[in-house]
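Engineer: If you scroll down you'll find the structure; I have some questions about it.
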Amino acid sequence: RNDRTRKGRENKMTLIIDVLNRAARECSVTLPANWLTTTEDEHIELRDDYLLQTVNEILDRADLPQPFAGQDTIAGDDDYTAGVGFGLPSDFLRLQRDRLAVYETAPTRRVCTPISSEGMWTHLQEVGLAGVERYYRIGGYEGNWVIDFYQTLPTGGLVKVSYISRNWMANSGGTKGYTFTDAGDLMLFPRELIEAGIVYRFRLRQGLPYDAKKAEFEMRLNRLRIDTNAVRSIAFAGGASARAPC
């Protein structure tokens, strides 16, 4: 039954070419014979500019759950390079914007403190601060991000890193990714949200009225954030828990 339910959901997902087709029609752009091989400027703008700009804006602005979120476990002395840090997953885009995004689970439970400047990191190394806090910094570049800790995470130490993935599509086999390469590739975001983002960007670029379409994009993005980010507050001292959208 679970397999049937999962297949049913996959079948309801929208092809990226369908999103582009609908957006092109709304922009009064003639559809190409093949979205992947077209060389027409308008088609390239819709596919390589407006589509990706829309996806990137959503991933930057919204901390969404799976399949757009991920969590990695960093283990002391595992995948560590001195002076560089621990490798993060290849789909890592950014940390979730939450104070618990980098959380040490062993040998103690505590929130790790971010370091935002190289100067402060150097200061920590030179002064050798001691105390109850574990500090971290993110470094590297797209596809090769790393995280480093002060003091160095010991053997047996464990840190959970909650992040936003750069994946926004999946192939026909269900493997998630971030590059549109096949006519069978699926869009993970709601179709209407992506279409609104593409169309308003096209209209803006063409000098056409775009306010209404941009407002629709904002409305759909806000709705997605509310619908997928309901939180439950837990009263540890007793009493009922409350559930509300954040």
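Engineer: Could you please give the count of residues in region 134-185 that are of a type in the set (D, E, K, R) and at pLDDT below 95?
Structural biologist: Initially, region 134-185 is screened for residues of a type in the set (D, E, K, R), giving 134, 137, 142, 148, 160, 166, 176, 182, 185.
From what's left, at pLDDT below 95: 134, 137, 142, 148.
Residues that pass the stated criteria total 4.
Engineer: Testing Ser90 on (1) open to solvent by 70 Å² or more (accessible area, probe 1.4 Å); (2) assigned to a loop (DSSP other than H, G, I, E, B); (3) out of contact with any Gly (no Cβ under 8 Å at 6 or more places or on another chain); (4) not aromatic (Phe, Trp, Tyr), one condition comes back false. Which one is that?
Structural biologist: (3)
Engineer: I would also like to ask the following. With (1) aromatic (Phe, Trp, Tyr); (2) farther than 19 Å from His43 by Cα; (3) not in a loop (DSSP other than H, G, I, E, B) as the list, and Phe189 as the residue in question, which single condition is left unmet?
Structural biologist: The number of the failed condition is (3).
Engineer: Hey, another quick one. Mind telling me which of the residues Thr122, Thr181, Thr105 ends up being over 27 Å from Ile16 (Cβ atoms) and open to solvent by 70 Å² or more (accessible area, probe 1.4 Å)?
Structural biologist: Thr122
Engineer: Mind checking which residues of region 21-69 are closer than 19 Å to Arg220 by Cα, free of Cβ contacts under 8 Å to residues at least 60 places away in the same chain and assigned to a helix (DSSP H, G or I)?
Structural biologist: Once the filter is applied, which keeps residues that are closer than 19 Å to Arg220 by Cα, free of Cβ contacts under 8 Å to residues at least 60 places away in the same chain and assigned to a helix (DSSP H, G or I), region 21-69 yields Leu52, Asn56, Asp60.
Engineer: Is there a residue in region 165-178 that is part of a loop (DSSP other than H, G, I, E, B), free of Cβ contacts under 8 Å to residues at least 12 places away in the same chain and polar (S, T, N, Q)? Full working, then the answer.
Structural biologist: From region 165-178, those part of a loop (DSSP other than H, G, I, E, B) are 166-168, 171-175, 178; that's our starting set.
Now restrict to residues that are free of Cβ contacts under 8 Å to residues at least 12 places away in the same chain: 173, 175.
Within this subset, residues satisfying the condition of being polar (S, T, N, Q) are 175.
Checking region 165-178: at least one residue is part of a loop (DSSP other than H, G, I, E, B), free of Cβ contacts under 8 Å to residues at least 12 places away in the same chain and polar (S, T, N, Q).
Residue-by-condition table, conditions (1) in a helix (DSSP H, G or I); (2) free of Cβ contacts under 8 Å to residues at least 60 places away in the same chain:
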site: Phe180; (1), (2): no, no
site: Tyr200; (1), (2): yes, yes
site: Pro209; (1), (2): no, yes
site: Lys213; (1), (2): yes, yes
site: Leu221; (1), (2): yes, no
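Engineer: Here's something else I'd like to know. For residues that are modelled with pLDDT of 95 or more and aromatic (Phe, Trp, Tyr), tally how many sit in region 69-97.
Structural biologist: 1
Engineer: (1) open to solvent by less than 20 Å² (accessible area, probe 1.4 Å); (2) assigned to a strand (DSSP E or B): which one isn't true of Phe217, the others all being true?
Structural biologist: All conditions pass for Phe217, except number (2).
Engineer: I would also like to ask the following. Which residue out of Gly128, Gly139 is open to solvent by less than 50 Å² (accessible area, probe 1.4 Å) and closer than 27 Å to Pro65 by Cβ? Walk me through it before giving the result.
Structural biologist: On the way: Gly128 fails: closer than 27 Å to Pro65 by Cβ.
When all the criteria are applied, what remains is Gly139.
The values are calculated or read from the model by the stated rules, or taken from the named source; none is laboratory data. This is a predicted model, so every value here is computed, not measured. In this analysis, Cβ positions are derived from the backbone assuming ideal geometry, glycine residues included, and neighbour counts consider all displayed protein chains. Side chains included, ligands, DNA and RNA excluded: accessible areas come from the protein's heavy atoms. Shrake-Rupley method; radii C 1.70, N 1.55, O 1.52, S 1.80 Å.
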